[in-house]
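Here's the structure, in structure tokens; my notes come after.
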Amino acid sequence: MRKDSPMRVILVAVALCLVCSVLVSAAAVVLRPEQELNKALDKKKNILLAAGLIEPKGEADIDAVYTERVEARLVDLETGEYTDAFPVDAFDQRDAAKDPAQSIEIPDKEDPAGIGRRSLYAPVYLVRESPGSNEFSGVIIPVHGKGLWSTLYGFLALDSDLNTIEGLGFYEHAETPGLGGEVDNPNWKAQWKGKQVYEDGKVEISVIKGKVNPNSPDKAYEIDGIAGATITARGVSNLVQYWMGSGAFQTYITRVREQGLS
Ligand SMILES: Cc1cc2nc3c(=O)[nH]c(=O)nc-3n(C[C@H](O)[C@H](O)[C@H](O)COP(=O)(O)O)c2cc1C
């Protein structure tokens with residue numbers, strides 16, 4: 001066959017495609033366990049960051065701090081009780097929300113987070129008072145909801161009074177860097193620490209438009225808006241209100257206030 005014959009060109013192209021596809025597939029298969037491990041580690045890191053148990057730029061051993069300071073439990077959102085219906089470490093809230101047998105539809109008027117469905121169960125992460133202790137000083141709750149371009153996924157950490165916020169952080173979203181992406185700005189996130197969620201059993205925390213007035217009687221419940229990103233900011237406000245509200249974690253929170261976290 002001539003070097004520049006059309007058949008030879010096609011054969012070389014096909015052979016090249018085959019070799020490349022085998023290489024890419026092999027890489028995907030070989031790297032999958034490592035990707036899963038990294039994903040799990042990233043989740044643990046974000047749980048610890050929300051609770052202020054590690055520094056954003058620190059070099060802590062994530063697995064060690066997580067094992068010492070965090071205990072994951074699965075909550076039945078209907079009753080607010082812990083459940084062993086599924087092993088919590090294997091429970092995937094996103095998959096469960098897609099399964100009609102493991103989730104409920106949220107009526108539009110009760111769905112400020114814009115998520116459509118939520119799983120019947122949700123994990124929570126209890127914060128041990130000290131390494132290995134069985135006394136708990138707070139709880140970290142997974143939250144998610146719609147921003148402008150994407151669903152934001154994050155964790156909200158509450159102190160032992162189940163009302164004071166320790167921190168909020170998102171580990172996944174596709175909002176615009178510099179606009180909605182400012183939800184990741186450490187200065188904006190720092191405002192959440194110490195704010196209150198409930199007043200007389202009603203969810204009052206909200207991200208307002210503009211800056212919080214230091215003389216406002218509601219300042220304990222208010223977070224500065226994000227300039228040029230009102231839609232993302234409102235999305236964050238709505239999703240926090242939804243997950244703290246009676247449609248999601250409020251039954252659990254009311255129960256553990258009376259009975260304790262463990
Ligand atoms: C390219 C582009 C990206 C934008 N990204 C965001 C975003 O991530 N979040 C957001 O709330 N608004 C974003 N906006 C702005 C919104 O369209 C809207 O104008 C804004 O949320 C209104 O906020 P403001 O009242 O503070 O100006 C973007 C606008 C443009 C043109």
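Readers should treat all values here as calculations from the given coordinates under stated rules, not as data from a laboratory. Note that the structure is predicted; figures quoted are calculated from it, not measured. Note: ideal-geometry Cβ built from the backbone for every residue, glycine included; neighbour counts use all protein chains shown.
Before we move on, is G181 within 30 Å of L41 (Cβ to Cβ) and either within 9 Å of the ligand (Cβ to nearest atom) or assigned to a loop (DSSP other than H, G, I, E, B) (or both)?
yes
Condition first: under 17 Å from V143 (Cβ atoms) and surrounded by fewer than 17 Cβ atoms within 10 Å (Cβ to Cβ). Now tell me which residues in the range 86-103 satisfy that.
D92, R94
I'd like the full set of residues that are more than 21 Å from N163 (Cα to Cα) and among the polar types (S, T, N, Q), limited to the range 205-226.
Answer for the range 205-226, where residues must be more than 21 Å from N163 (Cα to Cα) and among the polar types (S, T, N, Q): N213, N215.
Among L179, L158, which is in contact (Cβ under 8 Å) with a residue 24 or more places away in the chain, surrounded by 15 or more Cβ atoms within 10 Å (Cβ to Cβ) and closer than 22 Å to R73 by Cα?
Checking each option against the conditions leaves just L158.
Six or more apart or on different chains, Cβ atoms under 7 Å: show the pairs whose first residue is in the range 1-13 and free of Cβ contacts under 8 Å to residues at least 60 places away in the same chain and whose second is of a type in the set (K, R) and assigned to a loop (DSSP other than H, G, I, E, B).
Hits for this filter: R8/R2.
Take S130 and decide whether it is surrounded by fewer than 19 Cβ atoms within 10 Å (Cβ to Cβ) and either part of a loop (DSSP other than H, G, I, E, B) or in contact with a Phe, Trp or Tyr (Cβ under 9 Å, 6 or more places away or on another chain) (or both).
yes
How many of the residues in the range 193-213 are surrounded by fewer than 12 Cβ atoms within 10 Å (Cβ to Cβ) and not charged (D, E, K, R)?
3
Starting from residues that are within 12 Å of the ligand (Cβ to nearest atom), among the aliphatic types (A, V, I, L, M) and part of a helix (DSSP H, G or I), keep the ones in the range 214-240 and report whichever is surrounded by the fewest Cβ atoms within 10 Å (Cβ to Cβ).
Taking the candidates together, the pick is I231.
Could you please tell me which pairs satisfy a Cβ distance under 7 Å, a separation of 6+ or placement on different chains, a first residue in the range 208-228 that is free of Cβ contacts under 8 Å to residues at least 12 places away in the same chain, and a second residue that is among the polar types (S, T, N, Q) and more than 9 Å from the ligand (Cβ to nearest atom)?
K219/N213
Per-residue answers, yes or no, for (1) farther than 26 Å from V88 by Cα; (2) out of contact with any Ser or Thr (no Cβ under 7 Å at 6 or more places or on another chain); (3) of a type in the set (A, V, I, L, M):
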residue: C17; (1), (2), (3): yes, yes, no
residue: V22; (1), (2), (3): yes, yes, yes
residue: S25; (1), (2), (3): yes, yes, no
residue: L31; (1), (2), (3): no, yes, yes
residue: L37; (1), (2), (3): no, yes, yes
residue: L41; (1), (2), (3): no, yes, yes
residue: K44; (1), (2), (3): no, yes, no
residue: A50; (1), (2), (3): no, yes, yes
residue: L53; (1), (2), (3): no, yes, yes
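Got a number for residues in the range 135-174 being in contact with a strand residue (DSSP E or B) (Cβ under 7 Å, 6 or more places away or on another chain), within 15 Å of the ligand (Cβ to nearest atom) and either in a strand (DSSP E or B) or more than 23 Å from L41 (Cβ to Cβ) (or both)?
Adding up the residues that qualify gives 5.
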